Amino acid sequence: MNRTGFYPGSFDPVTYGHLDIIARSARLVEKLVLGVGTHPGKQSLLSERTRVELLEQVTKPIAEHTGIKINVVTFADLAVDAARRAHAGLIIRGLRDASDFDYEVQMGQMNGALAPDIETVFLAASPATRMIASSLVKQITKMGGDITLFIPNEAQAAVAAAIKKS
Ligand code: ADP
């Protein structure tokens with residue numbers, strides 16, 4: 001059985017919600033490839049490189065602790081094609097609420113039609129991190145709020161610097 005997972009997202013910035021999904025994926029996969037989506041039409045606050053570097057830094061302890069291998073790649077095409085390049089048999093996604101559910105299930109089913117050999121697995125968000133959204137973290141930072149509960153320290157500095165520059 002193929003135990004490589006592909007977890008795609010914007011990770012703009014990576015949050016404790018993403019890290020919760022990543023840490024729990026370690027129970028399902030032997031290797032996890034994190035795919036940073038860099039679609040030209042989708043404006044991001046952090047550069048592709050910053051998002052990759054942050055993910056590498058903050059997931060290192062998870063890889064060490066769980067023993068799974070974690071790689072970070074970028075992709076600008078379909079998630080199923082990026083998953084194939086990563087030799088993944090599973091796509092991992094997180095579900096926070098009903099709106100995530102509707103969107104994610106539809107996308108998972110379309111991906112299933114495009115790539116029947118790749119199974120999408122949904123992990124329900126953990127109660128402690130369920131409310132965290134990258135978009136709200138950016139908004140709170142712009143308005144001078146405290147985001148220490150939501151994203152790792154390394155990411156806080158990067159978000160603050162990027163907002164200052166924008
Ligand atoms: P995308 O632009 O693909 O939605 P995100 O980085 O916002 O990228 O999210 C990537 C994945 O992580 C999605 O499946 C999303 O539902 C999930 N996710 C985001 N935040 C959380 C959270 N707080 N808890 C659980 N899953 C989450």
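Would you check if Ile92 is closer than 21 Å to Lys31 by Cβ and touching a residue at least 60 places away in the same chain (Cβ under 8 Å)?
Criteria met by Ile92.
Answer yes or no as to whether Asn71 is crowded, with 18+ Cβ neighbours inside 10 Å and among the polar types (S, T, N, Q). Spell out the reasoning first.
On the way: crowded, with 18+ Cβ neighbours inside 10 Å: no; among the polar types (S, T, N, Q): yes.
In short, no.
If I ask for residues that are under 20 Å from Asp77 (Cβ atoms), out of contact with any helix residue (DSSP H, G or I) (no Cβ under 7 Å at 6 or more places or on another chain) and not hydrophobic (A, V, I, L, M, F, W, C), which ones from region 1-43 would you list?
Hits for region 1-43 are Thr4, Gly37, His39, Pro40, Gly41, Lys42, Gln43.
Would it be correct to say that Glu56 is farther than 18 Å from Arg93 by Cα and either exposed (fewer than 15 other Cβ atoms within 10 Å of the Cβ) or over 11 Å from the mean Cα position of the chain (by Cα) (or both)?
yes
Select the helices (runs of 4 or more DSSP H) contained entirely in region 79-166, then report the ones holding at least 2 residues which are over 17 Å from Gly9 (Cβ atoms).
In region 79-166, 98-114, 134-142, 153-165 are the helices (runs of 4 or more DSSP H) which contain 2 or more residues that are over 17 Å from Gly9 (Cβ atoms).
Residues of region 92-139 being more than 11 Å from the ligand (Cβ to nearest atom) and open to solvent by 60 Å² or more (accessible area, probe 1.4 Å), which ones?
Ala98, Asp102, Gln106, Gln109, Met110, Ala113, Leu114, Pro116, Asp117, Glu119, Gln139
Restricted to region 37-47, and to residues that are over 16 Å from Ser135 (Cβ atoms) and surrounded by 13 or more Cβ atoms within 10 Å (Cβ to Cβ), which residue is nearest to the chain's Cα centre (by Cα)?
Among those that are over 16 Å from Ser135 (Cβ atoms) and surrounded by 13 or more Cβ atoms within 10 Å (Cβ to Cβ), it is Thr38.
The values are calculated or read from the model by the stated rules, or taken from the named source; none is laboratory data. Since we're looking at a predicted model, the values are computed, not measured. Methodologically, a virtual Cβ is constructed for each residue, glycine included, from the backbone with ideal geometry; neighbour enumeration extends over all protein chains shown. The protein model used for the area step is the full one, side chains on, heavy atoms only, and it has no ligands, DNA or RNA in it. Shrake-Rupley method; radii C 1.70, N 1.55, O 1.52, S 1.80 Å.
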